1. Would you kindly identify the helices (runs of 4 or more DSSP H) lying entirely within the stretch 98-176 that contain at least 1 residues that are more than 20 Å from the chain's Cα centre (by Cα)?
2. Which members of the stretch 29-68 meet the condition of being open to solvent by less than 20 Å² (accessible area, probe 1.4 Å), over 26 Å from Y166 (Cα atoms) and assigned to a helix (DSSP H, G or I)?
3. Give the residue that is surrounded by the most Cβ atoms within 10 Å (Cβ to Cβ), with candidates limited to residues of the stretch 130-139 that are touching a residue at least 60 places away in the same chain (Cβ under 8 Å) and farther than 12 Å from V79 by Cα.
4. Between residues in the stretch 142-171 that are closer than 14 Å to E188 by Cβ and aliphatic (A, V, I, L, M) and residues that are open to solvent by less than 30 Å² (accessible area, probe 1.4 Å) and part of a loop (DSSP other than H, G, I, E, B), which pairs lie under 6 Å by C-beta distance while being six or more apart or on different chains?
5. Here are L180, L174, L161: which of them is aliphatic (A, V, I, L, M), within 30 Å of P331 (Cβ to Cβ) and crowded, with 17+ Cβ neighbours inside 10 Å?
6. Just name the residue that is farthest from Y230 (Cα to Cα) out of those in the stretch 342-352 that are out of contact with any Pro (no Cβ under 7 Å at 6 or more places or on another chain) and open to solvent by less than 30 Å² (accessible area, probe 1.4 Å).
7. How many residues are under 14 Å from Y165 (Cα atoms), within 22 Å of the chain's Cα centre (by Cα) and open to solvent by 30 Å² or more (accessible area, probe 1.4 Å) if we restrict to the stretch 198-241?
8. Could you list, ordered by first residue, the pairs with Cβ atoms under 7 Å in which the first is in the stretch 28-48 and within 15 Å of R125 (Cα to Cα) and the second is at pLDDT 95 or above and assigned to a helix (DSSP H, G or I), at least 6 apart or interchain?
Amino acid sequence: MTHPLVYWLRRTVGWLFVPLYGLAVWLRHQLYDRHLLKSKKAPVPTLCIGNLTVGGTGKTPHTEYFIETFSRQYRVGVVSRGYKRQSRGIVVAHAATTAEEIGDEPYQIWMKYQKKISGLSVGSRRVQAIRALLRAHPETGLVILDDAFQHRALKADVYVLLCDYYRPFYKDYLLPAGNLRDLRSQAERAHLVVVSKCPAQLSVQEQTYIKQQIGRYAPGKPVFFSTYAYGPARAIWQTDLPCGPPVVLLSGIATPGLFEKAAIDCGFLVKEHIAFPDHHHYDEAALRKVLHSLKKHGTTSLLTTEKDFAKIKNLPLWKQELQGTGCYYLPLEIRWLGTSPVEPVRQLLQLT
């Protein structure tokens, strides 16, 4: 959660810098739109999952949904920026890859899907990252990009734009006063829009209103609605201890409140929620905080997110200290309110 002072500064002093930021973003798009800067296409079909805002809108869960769907028929490769990784340049994932090497979210994907996909690469220069992926895995027939909507050097075949239900881009403002890292007008470049993190019982009337608001910036583009669904808690390490219901929550995500609500809805009694910033690097200090909380509340059950599970699973000290406790995570998946965008995406990619 943003500190009140930081929020106040952004909403007051931040407005002084919005025109400068907006001008810089607009000029960059003009250079690409007027072909003064070149965009390149990949030699294989490419599907980009992106957004207009900073912070989590659900790009990785939606990327995983399309991986799960298309990998049943095609050899799918994945490319990501690898945000907050501790390596440089282009990295192609391998058997001994770590989260520090490729980033927490790409590592989550790699852990779950390395047997289903052709390969995964990370790099800020997506064109070069795709080339490296194809050199290592020439059988790749489709590349899915996690977070590349603003990367104009690559011209993807299909753009799926995510809009957070709780932070819709049409109500937001440019950095640093708001959370928009791109202009609202850029929504028009999307082939379709997905409103993510919706309440499962979102009414048809509200869906219609949201479509109208999005249509102001992406006229004629189809809009789909998705929600999160959580499966039964799974053990991080082998254990005979059951999970909860009294639990301590651990998260390092953009919207910890949604995770806490999900845990409560799943029947857990939340004693404390240790919420770190998104993409938090888990160290010994964080471990001591977790151990102190478990002792204070008299429970052996720690419940975390799938994203955080991917980061702490292979940390030797965490495993040593917590393996004897009931450490679990909640697996997350995407479900659609109404129709899924799979067939429209398949047709736009011209996949047979």
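The values are calculated or read from the model by the stated rules, or taken from the named source; none is laboratory data. Bear in mind the structure is a predicted one, so any value in this text is a computation, not a measurement. Backbone-built Cβ (ideal geometry, glycine too); neighbour counts: all protein chains shown. Keep in mind that these areas ignore ligands, DNA and RNA; they rest on the heavy atoms of the full protein, side chains included. Shrake-Rupley method; radii C 1.70, N 1.55, O 1.52, S 1.80 Å.
1. Numbers: elements: 99-102, 104-113, 126-136.
Fully inside the stretch 98-176 and qualifying: 126-136.
2. If the condition is that a residue be open to solvent by less than 20 Å² (accessible area, probe 1.4 Å), over 26 Å from Y166 (Cα atoms) and assigned to a helix (DSSP H, G or I), then H29 is the only one that fits.
3. Result: H137.
4. That search, which allows pairs on different chains as well, returns L161/A190.
5. It is L161.
6. That would be V345.
7. 3
8. Going by the 7 Å Cβ cut-off, the qualifying pairs are L37/L31; S39/Y32; K40/V127; A42/I130.
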